[in-house]
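Participant: Have a look at the structure that comes next, please.
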Amino acid sequence: MYKLIEVQTGVCSAQGFFSDGISAGLKADNAKDMAFIYSQKECEIASVFTTNKMTAAPIRHFRAKGEFKTNFILINAKNANAMTGKAGISDIDTILGTLPKEIINPVMSSTGVIGVRLPQEKIINGAKLFDLSKKEPNAAANAIMTTDSFSKQKAFKVELEDGSSFSIGAMAKGAGMINPAMATMLCFITTDAKVSKLEMQEILDEVTIITFNAASVDGDTSTNDTVMLLSNGVSETYNKEAFKEALTKIMLFLAREMVRDGEGATKLVTYKVTGAANNAEAEIVAKALSNSLLVKTALYGEDPNWGRIASTVGASGVEADEETLSISFNSLCVYEKGTLLFDDTMEIEASKIMKLDSFSISCDLGLGSGEFTSFGCDLGYEYVKINADYRT
């Protein structure tokens, strides 16, 4: 048995981890735009990156290292260091080469505008402001935001039956360019659990499928998508079941928060697909629903247009039949296996559900035991406004 206790100290929850955010002049108005995560002890590191073929320089730099341990991540906002060629890699080497000697095999992660080289001098001078003894997770979480309207953090202390414990905490950013092929995002997770790199990577890969890979705002996959999980093992404690549950809760919360913060979004919608021929086909349907522009605009207009749901299911390419399909808004079934249930009274009830900040749309294909759940939001005028002048 074990117990998960939520704590409010983000990436500093685990023993031996430090973090802070500062202003290096990358953002306007002296806003925080650089952050670090530091461990006094070297960490095993597991990672998941974007599926975009135009991979940003920080990811290519990370992969070129091969097998390694680190105790430091430097994160900058406002500039993605993507599509910058060999110069982008060289810029990272130059910046990381100026860090203090107690930093071992440092890693860099970036987010922001694509196609612009890093402002080396600003970042180098900004890094000189880092105080590695600080535990300021809120400042760090604020510093990595781009179009986010709020920071995103979650952490748990895990208490085991024998009285031992370990902690795991995370921060993430993401609000736009989010597609279920790992959402466009940066997420950094720290733990003092004594977990091997191999097992940590296996668990991270598995949990990513049902969390960050199930989130969609606009169907676009970024060049910089990154999840990093660092373990320094300081607690000398580990329980696989407890670790996986805590990590799942953290990543699921952050994935939903990113969708809830979707640029201009007003609705967080959970798409529950069941009864598919298999899990893979359920996943296809769920992601088709969360990505559909017609569905998203109906959500924004608070229109219970279940016909768009049915059409998207049918267009997804999986096995489906109107005689076995059922559709519900929360627990309100509006279409059931070929029977039209949607009358004037039901439309009033469905419209009330559509006005909620958060609700679910369920589709039972009635063909098998396959299931998958995805997360999406609506799409309105504010999304266009934000992205029309993103570079400015």
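Participant: Antiparallel versus total DSSP beta bridges in the range 7-155: what percent is that, nearest 5?
Facilitator: 70 percent
Participant: Using only Cα atoms, find the angle between the long axis of helix 279-291 and the longest principal axis of the chain, and express it within 0 to 90 degrees, rounded to the nearest 10.
Facilitator: 90 degrees
Participant: Right, something else. Sticking with the crude label model, points 7 Å out along Cα→Cβ, report the distance from SER311 to ARG60 in nm, one decimal please.
Facilitator: A separation of 4.1 nm, rounded to one decimal place.
Participant: Okay, moving on. Taking all protein chains in place and a 1.4 Å probe, what share, in percent, of the accessible surface of the chain do carbon and sulfur account for?
Facilitator: 49 percent
Participant: What is the calculated FRET efficiency for ASN30 to LEU160, with r their C-beta to C-beta distance and R₀ = 56 Å, to the nearest 0.05?
Facilitator: 0.80
Participant: Going from most exposed to least, what order do THR84, THR51 have by accessible area with a 1.4 Å probe?
Facilitator: Highest to lowest solvent-accessible surface, that is THR51, THR84.
Participant: Of all beta bridges DSSP finds with both residues in the chain, what is the antiparallel percent, to the nearest 5?
Facilitator: Taking every DSSP beta bridge with both residues in the chain, the antiparallel ones total about 75 percent.
Participant: Can you give me the distance in nm between label points at ASP303 and ASN330, each placed 7 Å from the Cα along the Cα-to-Cβ direction?
Facilitator: Result for the modelled spin labels: 2.2 nm.
Participant: Given the peptides 76-82, 8-14, arrange them by the average over their residues of other C-beta atoms within 10 Å, most packed first.
Facilitator: Sorting 76-82, 8-14 by mean packing, highest first, produces 76-82, 8-14.
Participant: Next question, about the same structure. Work out, step by step, the length gained on full extension between LYS197 and ILE348: first 0.36 nm times the residue separation, then minus their alpha carbon distance; give nm to one decimal.
Facilitator: Going from the current span to full extension adds 49.1 nm.
Participant: Oh, and also: Working out 0.36 nm times the residue gap between LYS355 and LYS3, then minus their Cα-Cα distance, what length gain in nm do you get to one decimal?
Facilitator: 123.1 nm
Participant: Continuing with the same structure: Quick one: which residues, 5+ away or cross-chain, put their amide H under 5 Å from the amide H of VAL334? H built at 1.01 Å from N.
Facilitator: ILE327, SER328, PHE329
Participant: Helix 344-354 sits at what angle to the longest principal axis of the chain, using alpha carbons and giving 0 to 90 degrees rounded to 10?
Facilitator: 0 degrees
Participant: Taking only protein heavy atoms and a 1.4 Å probe, what accessible area per residue, in Å², does the chain have with all protein chains in place?
Facilitator: Each residue of the chain exposes 42 Å² on average to a 1.4 Å probe.
Participant: Filter the trypsin sites (Lys or Arg not before Pro) in the range 268-337 to those in DSSP coil with at most 13 other Cβ atoms within 10 Å of their Cβ, and list the result.
Facilitator: Here the sparse-neighbourhood loop sites are LYS337.
Participant: Right, something else. Could you tell me which GluC sites (Glu not before Pro) in the range 236-282 are loop residues by DSSP with no more than 11 other beta carbons within 10 angstrom of their beta carbon?
Facilitator: GLU236
Participant: Ordering LYS152, LYS134 by accessible area with a probe of 1.4 Å, largest first, what comes out?
Facilitator: These residues rank, largest area first, as LYS134, LYS152.
Participant: Tell me the label-point distance for the pair LYS101, ALA280, using the 7 Å Cα-to-Cβ offset, in nm and rounded to one decimal.
Facilitator: Spacing of the two 7 Å Cα→Cβ label points: 5.5 nm.
Participant: I've got another one for you. Tell me, what is the 1.4 Å probe accessible area of ASP364, in Å² to the nearest 10?
Facilitator: 60 Å²
Participant: Which entries of LYS3/LYS135; LYS53/LYS197; LYS41/LYS267; LYS173/LYS240; LYS244/LYS287 show an alpha-carbon separation above 32 angstrom in the structure shown?
Facilitator: Where the Cα-Cα span goes over 32 Å, the pairs concerned are LYS41/LYS267.
Participant: Which of the chymotrypsin sites (Phe, Trp or Tyr not before Pro) found in the range 59-101 are loop residues per DSSP with 10 or fewer other Cβ atoms within 10 Å of their Cβ?
Facilitator: none
Participant: Apply 1/(1 + (r/R0)^6) to the Cβ-Cβ distance of THR94 and LYS69, taking R0 = 30 Å, and write down the FRET efficiency to the nearest 0.05.
Facilitator: According to the calculation, E is roughly 0.85.
Participant: Follow-up question, since we're still on this one. Counting only protein chains, not ligands or nucleic acids, how are LYS352, LYS173 ordered by accessible area (probe 1.4 Å), most first?
Facilitator: My answer, sorted largest first, is LYS352, LYS173.
Participant: If you don't mind, there's one more thing I want to ask. What is the Cα centroid distance between the range 1-45 and the range 123-175, reported in whole angstrom?
Facilitator: 3 Å
Participant: How long is the gain from GLU206 to SER133 if the chain were fully straight, where each residue apart is worth 0.36 nm and the alpha carbon distance is subtracted?
Facilitator: That works out to 22.9 nm of additional length.
The values are calculated or read from the model by the stated rules, or taken from the named source; none is laboratory data. In this text the structure is predicted, and so the values were computed from the model without any measurement. Glycine gets a Cβ as well: all are built from the backbone with ideal geometry, and neighbour counts include every protein chain shown. These accessible areas exclude ligands, DNA and RNA; they are computed on the full protein's heavy atoms, side chains included. Shrake-Rupley method; radii C 1.70, N 1.55, O 1.52, S 1.80 Å.
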